[in-house]
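J.: What follows is a single structure, and I will ask about it in a moment.
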Amino acid sequence: MMQHAVDDDPQVIPANPCTRIKLPKSRKRVVEPLPATAVLVLLNTITPRYRVAVALGVGLGLREGEAFGLTVPRVDFMRRKVQVLSQHSEDSSRQTSRLRHQRGRSRPTNGC
């Protein structure tokens with residue numbers, strides 16, 4: 001981003017001060033999913049209000065904001081597809097379309 005500022009007007013910012021900054025090395029994390037029995041226990045004990053959000057997270061891999069932003073018109077029950085086009089934001093109670101690309105996900109035939 002800073003390089004674009006330099007490229008746009010070198011008289012304002014003559015050099016990119018970020019070129020000398022070394023970024024920290026990223027660490028690979030191993031994600032271990034919950035066993036199916038633990039997911040079923042969670043679904044049976046969680047507040048019914050949030051049960052669907054947990055099922056969407058487990059079954060489709062949706063993030064919290066994507067699950068809370070999902071609307072019925074974006075669910076194709078016949079083709080078992082979900083379109084994630086927006087997400088719910090905590091800083092406002094409205095849905096935002098911050099996702100830059102569409103992604104369709106198939107709902108699994110087994111499981112939640």
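J.: Quick check on my filter: what residues within region 71-91 are of a type in the set (A, V, I, L, M), in contact with a helix residue (DSSP H, G or I) (Cβ under 7 Å, 6 or more places away or on another chain) and either under 13 Å from L56 (Cα atoms) or free of Cβ contacts under 8 Å to residues at least 12 places away in the same chain (or both)?
T.: Hits for region 71-91 are V82, V84.
J.: Grab the helices (runs of 4 or more DSSP H) fully contained in region 1-69, keeping just those with 2 or more residues being surrounded by 15 or more Cβ atoms within 10 Å (Cβ to Cβ) and either more than 28 Å from the chain's Cα centre (by Cα) or not small (G, A, S) (or both).
T.: Filter on region 1-69 gives 36-45, 48-60, 64-69.
J.: Sticking with this one: Please go through region 70-85 and give me each residue that is under 21 Å from Y50 (Cβ atoms) and assigned to a loop (DSSP other than H, G, I, E, B), ordered by number.
T.: If the condition is that a residue be under 21 Å from Y50 (Cβ atoms) and assigned to a loop (DSSP other than H, G, I, E, B), then L70, T71 are the ones that fit.
J.: Let me ask you something else. So, in region 1-49, how many residues would count as being modelled with pLDDT under 90 and of a type in the set (S, T, Y)?
T.: Total satisfying the criteria: 2.
The values are calculated or read from the model by the stated rules, or taken from the named source; none is laboratory data. The structure displayed is predicted, hence computed values, not measured ones. No Cβ is skipped: glycine too gets one built from the backbone with ideal geometry, and neighbour counts run over all protein chains shown.
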